[in-house]
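Accompanying notes for the structure given below.
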Amino acid sequence: MVRLMATDTLTEPRTPDPLSPHLRRAPWKSPDGQPGYARPVLLGIAGVAAVLFAWRINHSQYHGFYAGAVRSMTESWKAFFFGSFDPANTITLDKLPGFLWPQALAARLLGFHPWVLTLPQVAEGVLTVLVLFRTVRRWAGVDAGLLAAAAFSLTPVTVGLFRTSVEDPAFTLLLVLAADAALRAALSARLRSLLLCAVWLGLAFQAKMLEAWTVLPALAAVYLLAAPVSLWRRLGHLVLAGLLALAVSVSWMAVVTAVPAGHRPFVDGSTDNSAISMVVGYNFLNRFSAVGLNAADTGSVVAVRGGPRPSATGTSPTASPSSAAGTGSAPATAPARPAGTTSAPATAPTATPTGAAAATGTNGGSQDGGWTKMFGRQFAPQTGWFYPWAALALLCGLLWRRREPRTDALRSGMVLWGTWLGLFFLVFSAGSVGRHSYYMGVVAVALAALSGAGAVLMWREFRSESRRAWALPAAITGTVLWHVFLATRFPDFLPWLATTVLSLGGLALGLLGLARLGEVADQPGQPGHPDRPAGHRLVLAGGLAAAIAAGLVAPGAWASSVLTAKHGGSSMGAVGPSDTPPAAAEQPRRRVDSSTSGNSTGRLTASQQALLGYLRAHRNGSAYLFAASSWGGASPFILATGEKVLPMGGFTGLAPSPTMPEFRRLVDTGAVRYVLLGNSLTPGSAPTGGPDGSAASQIRSWVRSSCAEVPAGEYGVGAPSTALGDSRTLDDDFATQQRLYACAPTR
């Protein structure tokens, strides 16, 4: 690739001639119209990406919240479709379940193991790399596609993203597929390709809801600008595609709404059992409270995310569940509701985020970096290594191609990815993202695409006699200085990195300058002509190679740190050194039951095993093994056994599932005999002590006053913890902070 770029110009894609079945080339051979190195280099990039994504996959752990839902989804197809958290189909996730369908299918085929749940994300990552190459090649050439694929694969957040069990791996792949189809439609005006784009966009909605619609203006703009048909035809095509995208997007919500409430699980995240409330209020408007959007009247369980919540003693705030469980749902103080009601309150109190909630940045953009968060210590080293290069590439691409015909392919791609990047910058800057680095995968895609195309464009201008030759040295200089700045913010991590980047950048500028001076002095020939002396071509190729290395070595070094156990990534999708300030890192860690942590081995502790044996022996035909005061109390038993455990309150602990009357009926009919109450606040759940007005709080109070506590000695809790698989927990908090109650029918 370096040799070709050193002597050639932009590689334009063309449709290869079909080969007869007897003449089909080997899979590692490049297709017609592409240079011979294209396919081998692409396979090499994909192979490196696969290694980075899958490294130590055998050490994967379950995501405590999502993996419980996957286990339930393997138990029945009803749970699979609705995304039920528990095997009894009592309550759904607080998200649309589409992103978990690949994991559930994999678990059905290969068995329920942590690595099985990670495998689909690895496959989604490799596919994203390949589709990104195809997308960029379509409008900027093979070399641009290869550089974009390499840049994306070596961006740290990309490596962290495709090792997690959250929404964004599937979401990122589906959006890149939508972009590929949109560009194909824009270049050919094929309605079929545009409709395929709409389908991919609708499926992306199933993975991450309204965030998928962020790219609608970018996809529409590229077709409206560049499709080689009349304006009215373009508008008509966009209307049809928009209707199809809307239909696919709302299909799951429509089915859930049409199914009577008694025949489906309760929709978590809502107070009114509504999928629309969960999607629009809980998962969208709540994230933009900092810019004035209000979810109080939408049926969402929380009107302000990240407000302070009392602890079990009612005196101190607790850590946001977005930092503990990796789901991004940080509940606030809930308004009081009469027992048994499910409608949303007319008003809800707003709370100023304080303490840990404010520290984790879950109450809108102003609390987690605001409008500068994308350039801050948390996200820039994970995502933003190519900020200067991509920005200059976008500027040059739009300015230099402004006089080209409306259907110009290169400018169309710049419009698509530039709009894409700007929209996500705006959304993430205004909205609450907490510490969720994996959100930034869609930003890394646009940065890689613009950088790859821009590199080839600026190289072509550098090789010509144009005055635009300044752009490439400027891009190299800006990128090297930015990389040095980011590297020096973490001086203890790879201390040689800044010096290496500076050396490679200086070498690149020196060799390219030398080659440029030689071209100017050699008037008889044309720049880039293959008849130039071999020494000149060697200097040019060396400068190009050094420039590529200078741009990739720093993000590649960060991404490669995932190969070490120390920097192997986190449930937040971050790779490399922690961005936690030293003062915060020195704070004493609050003791947490291992079963409720964000990630879990899926093995029960000794105390949990003792409790499980007791409950099975005394179940007496009850539908539920027991009811848990939070999802955290139910999750380890669902993960380990697939038993029907009743979680109360959903993820936040504030969903009215079940209501107080419903719970009393379950007890009276014998469906629930035992209730496990926690005395500590678990990640991702409402306080278990003290009233908060929620149905779960009312049930807890009733259980304490009306049910008999089972002495711990009867079920063996208190035994030494010999089965702990979570090294982050030093003792078995379950044995000391959980209480089991036996409830008898009241009639």
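Each reported figure results from applying straightforward, stated rules to the coordinates on display, with no laboratory input. Since this is a predicted model, take the numbers as computed values, not measurements. Please note: Cβ atoms are built from the backbone with ideal geometry, for glycine as well, and neighbour counts cover all protein chains shown.
Between HIS63 and SER600, the built amide H atoms are under 5 Å apart, and every one of these is 5 or more places off in sequence or on another chain. Seen from a random direction on average, the alpha-carbon convex hull of segment 168-267 projects onto 6.6 square nanometres.
Evaluating 6.51 cos²θ - 1.76 cosθ + 1.60 at θ = phi - 60° for every residue in segment 229-240, the Karplus couplings come out as 9, 5, 4, 5, 5, 4, 5, x, 4, 5, 5, 4 Hz, glycine and proline recorded as x. Taking amide H as placed 1.01 Å from N in the peptide plane, the amide H of ALA88 sits under 5 Å from that of VAL645, each at least 5 places away or on another chain. Computed packing ranks the peptides 156-164, 266-274, 394-402, 56-64 as 156-164, 266-274, 56-64, 394-402, most packed first, by mean other Cβ atoms within 10 Å. Across segment 100-107, coupling constants 3J(HN,Hα) worked out from phi with the 6.51/-1.76/1.60 Karplus curve, θ = phi - 60°, read 8, 4, x, 5, 5, 5, 4, 5 Hz, and Gly and Pro carry x. Couplings 3J(HN,Hα) of segment 126-132, computed from phi: 5, 4, 4, 4, 5, 5, 4 Hz, in residue order, whole Hz [Karplus 6.51 cos²θ - 1.76 cosθ + 1.60, θ = phi - 60°; x for Gly and Pro]. Grab the beta carbon distance between HIS536 and SER466, set R0 = 22 Å, and tell me the FRET efficiency rounded to 0.05. Given R0 = 22 Å and the Cβ-Cβ separation, E is 0.70.
Among the listed pairs LYS373/LYS566; LYS95/LYS644; LYS566/LYS644; LYS95/LYS566; LYS78/LYS373; LYS78/LYS566, those with a Cα-Cα distance over 29 Å are LYS566/LYS644; LYS95/LYS566; LYS78/LYS373; LYS78/LYS566. Counted residue by residue at 0.36 nm each, then reduced by the alpha carbon distance between them, the extension gain from ARG403 to LEU517 reaches 38.1 nm.
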